[in-house]
Amino acid sequence: MRGLAIREVAEQTGLAAGTIRMWEQRYGFPEPERTPAGYRVYGPEDVEVLRRVVALRRDGISVGAALRRARAARQGTDRPSIFGAVPHAGRTRRLRKETLIGLSRAIEDQALASAAAPIVLGAFQREKSYRQVEHRYERLWHMADLTAVFADFPEATSPEAGPMEIPIDSQTTMGHEWAVVIDAPGLSVCLLAWEPPVAVAPENDLDRRFEAFWTLDPTVVRQATQAGAAVARDKAPELADEMDELLASRPVGAESSIGALEELTQRMVGYLESA
């Protein structure tokens, strides 16, 4: 494995090695590979992003916001996506829409029951789908630090007592995605999915199939949250800035306990059993 040692990255960016390691732990970037001996190794693209961050920091931008903008500039934002922004290779399953609904309700209930000051994101494809559960997200909004939902809304709106509503084009990548993201210090969980194209839609809407995965990995959940900020930037730049600033001051959540995993699993099984 050939890559740059952290000392070389520090020399090329002007950042201290300790700062690079701290950003990796707090913000999930850079994401070095490991040698068989366990040493971090980085690629030239990591150096490129970190150099952009250093330049943005000179303009007074926070670390979290600078990292988000620098990574978006490298990856391109013409087709922003939450599902596509997180690692999920080999971890997806084809699930019916009815199953996704049950899993989503379980995650939302878990957040209402036990999450402290979470960031909550939901992606619904269509506005009518969100309106059916709007009352649930209003409850989440009351106990969250920030709540935002994505669907084919006619325009971006900020209700007085509810989540920020962010429009997405139904023909874009996000227009085919499903997401429930809970990013809290004591509860990190997300359910992400996308709908592959089919020649003929099923007669029953609940039989639609999605490629989905869910995780309680706090680092992956943070990546999903950051991707949500990138998606929001086009239609709601102020909200995206607020998310970036909020994430900059929040460490990645702690690993979930066995008890929390059991509780969430029980909720999921309960919803699926009653479907």
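The values are calculated or read from the model by the stated rules, or taken from the named source; none is laboratory data. In this text the structure is predicted, and so the values were computed from the model without any measurement. Cβ: placed from backbone, ideal geometry, glycine included. Neighbour counts: every protein chain shown. The protein model used for the area step is the full one, side chains on, heavy atoms only, and it has no ligands, DNA or RNA in it. Shrake-Rupley method; radii C 1.70, N 1.55, O 1.52, S 1.80 Å.
Calculate what fraction, in whole %, of the accessible area of segment 177-268 sits on carbon and sulfur atoms when a 1.4 Å probe is rolled over the protein chains. It would help to have the intermediate numbers written out before the result.
On the way: 2190 of 4040 Å².
Its accessible area is 54 percent carbon and sulfur atoms.
Based on the Cα gyration tensor of the chain, what are the three equivalent ellipsoid semi-axes, each the root of five times an eigenvalue, rounded to whole Å and given largest first?
32, 21, 19
Work through the residues other than residue 170 whose Cβ is under 13 Å from its Cβ and net out their charges, Lys, Arg +1 and Asp, Glu -1.
Values: positive: 126, 128; negative: 127, 152, 169, 177, 195.
After counting each charged neighbour, the total is -3.
Calculate, for the chain, the solvent-accessible area per residue in square angstrom, rolling a 1.4 angstrom probe over the heavy atoms of the protein chains.
Counting only protein heavy atoms, the per-residue value for the chain is 49 Å².
Computed from the mean reciprocal separation of all distinct C-alpha pairs, what Kirkwood hydrodynamic radius does segment 134-247 have, in Å?
About 15.2 Å, per the Kirkwood formula over Cα pairs.
Order of 155-164, 59-68 by packing, highest average Cβ count within 10 Å first?
59-68, 155-164
Given segment 5-140 reduced to its alpha-carbon atoms as identical point scatterers, what log10 I(q)/I(0) does the Debye formula return at q = 0.09 Å⁻¹?
Log-scaled intensity ratios, in q order: -0.43.
Comparing 28, 186, 18, which has the greatest mean-square fluctuation in the GNM of the chain with Cα pairs linked when under 10 Å apart?
Highest fluctuation among the options: 18.
Could you work out the relative contact order of the chain, using alpha carbon pairs under 8 angstrom and six or more residues apart, expressed as a whole percent?
In percent, rounded to a whole number, it is 21.
Please give me the summed charge of the neighbours of residue 112: other residues whose Cβ is under 10 Å from its Cβ, Lys and Arg +1, Asp and Glu -1.
That works out to 0.
Given segment 150-189 reduced to its alpha-carbon atoms as identical point scatterers, what log10 I(q)/I(0) does the Debye formula return at q = 0.14, 0.16, 0.20 Å⁻¹?
Log10 I(q)/I(0), no solvent term: -0.43, -0.54, -0.74.
To two decimal places, what compactness ratio does segment 88-168 give when its Cα radius of gyration is scaled by 2.2 N^0.38 Å? Could the numbers behind the result be given before it?
Values: Rg = 13.3 Å, N = 81, 2.2 N^0.38 = 11.7 Å.
That ratio works out to 1.14.
So if I take the centroid of the Cα atoms in segment 199-275 and the same for segment 136-171, what is the distance between those two points in Å?
15
Testing the spin-label approximation: label points 7 Å from Cα along Cα→Cβ at residue 204 and residue 142. State their distance in nm.
Placing both labels 7 Å along Cα→Cβ, they lie 3.4 nm apart.
Could you give the length gained on full extension between residue 170 and residue 128, defined as 0.36 nm per residue of separation minus the Cα-Cα distance, in nm?
Extending this stretch completely gives an extra 13.8 nm.
Can you give the net charge of the other residues whose Cβ lies under 11 Å from the Cβ of residue 83, counting K and R as +1 and D and E as -1?
Details: positive: none; negative: 177, 195, 211.
Net local charge, residue 83 excluded: -3.
Sort largest first and round to whole Å: the equivalent ellipsoid semi-axes of segment 173-239, each the square root of five times a Cα gyration tensor eigenvalue.
Semi-axes, largest first: 26, 17, 9 Å.
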